[in-house]
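A short worksheet on the structure shown next.
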Amino acid sequence: MSYASLHAARRARLAAALPEHGVAAVLVTWPVNVRYLTGLSSSNAAVLVGAEGQAMLATDSRYAETAQRQCRDVEVIVDRDVAGALLARAGAAGGLAVEADHMTVAMFGRLGERLGGDPSARLTPVSGLVEAVRAVKDEQEIDALRRACAITDEAFSQVVERIAPGVTEREIARWLEVRMTELGADKPAFDSIVASGPNGSIPHHAPSDRRIRSGDLVTIDFGARYGGYHADMTRTVAVGRPAAWQRDLYELVRQAQQAGCLAVRPGATAHEVDAAARGVIERAGHAEHFEHGLGHGVGLEIHEQPFLGPDRTGRLEDRVPITVEPGVYLPGRGGVRIEDTLVTRDDGPELLTLTTKELLIL
Ligand code: ZN
Ligand code: ZN
């Protein structure tokens, strides 16, 4: 599929979702969503997609030439006020959806003024419209994600050899980030987490100057971004000979993670995948030591639909990249988390992060 028809196909899927919201078009202003629908990566652009999938793209002069080169199948309007320019051209007859999660109250009011008064008479704020379309990936997106995960695996294999007593959490994080960039990543997918020893009980610990000691478990949560797509992987390693409780904790989380991965399939509900992993941890008496959700979608954003958790609704579809990341966190002692990025497939999930889940003893 050509570059242009790829984005046209995405816009057609979005257009098909418009009637259920009672609107004839949608004004997309969130940069990630504009990129998804047109290919244009910018900090100031908007796209208006109509019920037939027809589209108009607005951006300012900084991105105009890129837009005209890359987005040949859409009309490009050059104006700094991207949303206003699209509204002026297209109007809001038939009802116009706007992105409730991203449009500011000020912008909503201003667009309403352009329409001559009460914005809610013509504009319909809708949550998660493009995000729901984005949850199911095309193969080009999965290829980018597979590459992001391969870079992540390779960076880990090179850096893990350097983890030893005396190095700091911040050093490990920096080594990973440098290696990922050298291996072709756009940049790190998010701020890396390196949590050693007692810091391991904090799920989102920021790397500190703490030096690794023999006897530590070290949890490393990081990923590469490639072609705009975000990989996400966590491994917990042991430095020096692990104590019995550390081995037991690791084995428990490994089994929970495996159970979660096995539950990832098209048709599974978000809470049943969560329950498959959480049940293993609960039966071991650690329910209160695993308080976060089991996983999240990844794509053009590091956290995106769908989300896996006890209170989450909805079913997985085919070709949905998702993380499975149970953890057990023991305050004052440490913790273990293991996370993979995988993709739902009709014939069983495709694992994208391939680093071993055997306990590595360094
Ligand atoms: Zn992660
Ligand atoms: Zn994650």
If we keep only residues of segment 208-245 that are aliphatic (A, V, I, L, M) and surrounded by 24 or more Cβ atoms within 10 Å (Cβ to Cβ), then the residue nearest to ligand 1 (Cβ to nearest atom) is Met233
Of all residues making up segment 282-296, the number that are more than 10 Å from ligand 2 (Cβ to nearest atom) and not hydrophobic (A, V, I, L, M, F, W, C):
7
Can you find even one residue in segment 334-350 that is touching a residue at least 60 places away in the same chain (Cβ under 8 Å) and over 22 Å from Leu262 (Cβ atoms)?
yes
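So which residues in segment 149-177 are of a type in the set (Val, Ile, Thr) and either under 21 Å from the mean Cα position of the chain (by Cα) or outside the structural domain of Leu217 (by TED's automatic domain parsing) (or both), if there are any at all?
Of everything in segment 149-177, those that are of a type in the set (Val, Ile, Thr) and either under 21 Å from the mean Cα position of the chain (by Cα) or outside the structural domain of Leu217 (by TED's automatic domain parsing) (or both) turn out to be Ile151, Thr152.
On the given criteria, is Ala106 outside any loop (DSSP other than H, G, I, E, B) and either crowded, with 17+ Cβ neighbours inside 10 Å or in contact with a Cys (Cβ under 9 Å, 6 or more places away or on another chain) (or both)? Outline the logic, then answer.
Working: outside any loop (DSSP other than H, G, I, E, B): yes; either crowded, with 17+ Cβ neighbours inside 10 Å or in contact with a Cys (Cβ under 9 Å, 6 or more places away or on another chain) (or both): no.
No, not satisfied.
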Here is a list of conditions, (1) in contact with a Lys or Arg (Cβ under 6 Å, 6 or more places away or on another chain); (2) within 16 Å of Leu351 (Cα to Cα); (3) assigned to a helix (DSSP H, G or I), and Thr234 meets all of them except one; can you say which number that is?
(3)
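Here's the yes/no breakdown for (1) outside the structural domain of Leu300 (by TED's automatic domain parsing); (2) surrounded by fewer than 17 Cβ atoms within 10 Å (Cβ to Cβ); (3) in a helix (DSSP H, G or I):
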{"position": "Arg11", "(1), (2), (3)": "yes, no, yes"}
{"position": "Tyr36", "(1), (2), (3)": "yes, no, yes"}
{"position": "Leu40", "(1), (2), (3)": "yes, no, no"}
{"position": "Glu52", "(1), (2), (3)": "yes, yes, no"}
{"position": "Ser61", "(1), (2), (3)": "yes, yes, no"}
{"position": "Ala67", "(1), (2), (3)": "yes, no, yes"}
{"position": "Arg72", "(1), (2), (3)": "yes, yes, no"}
{"position": "Gly84", "(1), (2), (3)": "yes, no, yes"}
{"position": "Ala92", "(1), (2), (3)": "yes, no, no"}
If you go through segment 137-182 one residue at a time, how many are closer than 19 Å to Thr341 by Cα and in contact with a helix residue (DSSP H, G or I) (Cβ under 8 Å, 6 or more places away or on another chain)?
10
Specify the residue that is farthest from Arg333 (Cα to Cα); the eligible residues are those in segment 286-304 that are free of Cβ contacts under 8 Å to residues at least 24 places away in the same chain and away from ligand 1 (no atom under 16 Å from the Cβ).
Ala287
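Go through the residues of segment 320-335 one by one and say whether even a single one is among the acidic types (Asp, Glu), within 21 Å of Gly228 (Cβ to Cβ), at pLDDT 95 or above and within 14 Å of ligand 1 (Cβ to nearest atom). Write out each step before concluding.
The initial filter retains those residues of segment 320-335 that are among the acidic types (Asp, Glu), namely 325.
Now restrict to residues that are within 21 Å of Gly228 (Cβ to Cβ): none.
Within segment 320-335, not a single residue is among the acidic types (Asp, Glu), within 21 Å of Gly228 (Cβ to Cβ), at pLDDT 95 or above and within 14 Å of ligand 1 (Cβ to nearest atom).
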So which of Arg146, Arg114 is among the basic types (Lys, Arg), touching a Leu at 6+ places or on another chain (Cβ under 9 Å) and not assigned by TED's automatic domain parsing to the domain that holds Phe222?
Arg114
Given the options Thr353, Thr313, Thr344, Thr269, name the one that is farther than 27 Å from Gly128 by Cα and hydroxyl-bearing (Ser, Thr, Tyr).
Thr353
If we ask which residues in segment 199-236 are closer than 14 Å to Ile151 by Cβ and of a type in the set (D, E, K, R), their number turns out to be 2
Matching strands (runs of 3 or more DSSP E) fully within segment 253-362 where at least 2 residues are under 14 Å from the mean Cα position of the chain (by Cα)
295-297, 304-308, 321-324, 340-343
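Here are some residues: Asp311, Asp318, Asp248, Asp274. Which one is within 16 Å of ligand 2 (Cβ to nearest atom) and either assigned by TED's automatic domain parsing to the domain that holds Cys149 or under 21 Å from Thr356 (Cα atoms) (or both)? First the steps, then the outcome.
On the way: Asp311 fails: within 16 Å of ligand 2 (Cβ to nearest atom); Asp318 fails: within 16 Å of ligand 2 (Cβ to nearest atom); Asp248 fails: within 16 Å of ligand 2 (Cβ to nearest atom).
Of the residues listed, the single one that is within 16 Å of ligand 2 (Cβ to nearest atom) and either assigned by TED's automatic domain parsing to the domain that holds Cys149 or under 21 Å from Thr356 (Cα atoms) (or both) is Asp274.
The values are calculated or read from the model by the stated rules, or taken from the named source; none is laboratory data. What you see is a predicted model; the values in this text were computed from it and never measured. Reconstructed Cβ throughout: ideal geometry from the backbone, glycine too, with neighbour counts over all protein chains shown.
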